[in-house]
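Notes follow the structure.
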Amino acid sequence: MKNIGRSVVAATSMVLGLELAAASTPELPVNLSGYEFLLGTSCAIDGQPGKCGVEFLGWTGGGGQAANGWTPPPGTRLGLWKATINYIGKPEFGEQVELVGGTFDVLFTSGAVISGHVTGGVVAWPTAGRSSVCGIDVAEVRVNVAFRGIAQPGVFHGCLHDLPAGTVIPPKIWGTLE
């Protein structure tokens, strides 16, 4: 699955005109923007209803966890990313879902790679018509991560604009991985 993710990112880099170089040391924090492009499938996680295999794809750039922090492709042209997330709960205004697993890869044009696993987190939506730090009707995202090859854990603080369902197509995500 890891190679598929990197293949998707590499193919997207060709479409956006980015060139990936030899490996170097990744730099954090990095702002990311992108889209939710697969809604995942219904599944049971520890006996609870959830979604598995929710896919996100994007690029470097944006304003971090802030209203209007999303930036269109190709962003800064410094890299691309892909994430797969599993969660428990149902996305609804005034509610939250619990992130319970997943993986991510960030590939930089310098050749640096940041990858790892989702270790937990939440996505919390404001009450309909209300504002969060991310804007009106936009969820706040916190993803706890374990990096491959980096001992210290990390976090993605971000925003997800996906509700009301069917009105934001494709759903947008943005924030900062640190």
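The values are calculated or read from the model by the stated rules, or taken from the named source; none is laboratory data. The structure presented is a predicted model; accordingly, all values stated were derived computationally and were not measured. Note: ideal-geometry Cβ built from the backbone for every residue, glycine included; neighbour counts use all protein chains shown.
Listed here are the residues, each with its yes/no results for (1) touching a residue at least 24 places away in the same chain (Cβ under 8 Å); (2) within 21 Å of R142 (Cβ to Cβ); (3) surrounded by fewer than 15 Cβ atoms within 10 Å (Cβ to Cβ).
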| residue | (1), (2), (3) |
| --- | --- |
| L32 | yes, yes, no |
| Q48 | yes, yes, yes |
| C52 | yes, yes, no |
| R77 | yes, no, no |
| V106 | yes, yes, no |
| V118 | yes, yes, no |
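Against the numbered list (1) over 20 Å from L38 (Cα atoms); (2) without any contact (Cβ under 8 Å) to a residue 40 or more places away in the chain; (3) of a type in the set (G, A, S); (4) not in a strand (DSSP E or B), G166 comes up short only at (1). Within the stretch 151-169, if we keep just the residues that are more than 19 Å from W70 (Cα to Cα) and in contact with a strand residue (DSSP E or B) (Cβ under 8 Å, 6 or more places away or on another chain), the residue that is surrounded by the most Cβ atoms within 10 Å (Cβ to Cβ) turns out to be G154. In this structure, does R142 turn out to be surrounded by fewer than 22 Cβ atoms within 10 Å (Cβ to Cβ), closer than 13 Å to G175 by Cα and basic (K, R)? Considered against the rule, which asks whether it is surrounded by fewer than 22 Cβ atoms within 10 Å (Cβ to Cβ), closer than 13 Å to G175 by Cα and basic (K, R), R142 comes out as yes. Filter the stretch 17-71 down to residues that are more than 13 Å from the chain's Cα centre (by Cα) and charged (D, E, K, R) and give me whichever is modelled with the highest pLDDT. Going through the qualifying residues, I end up with K51.
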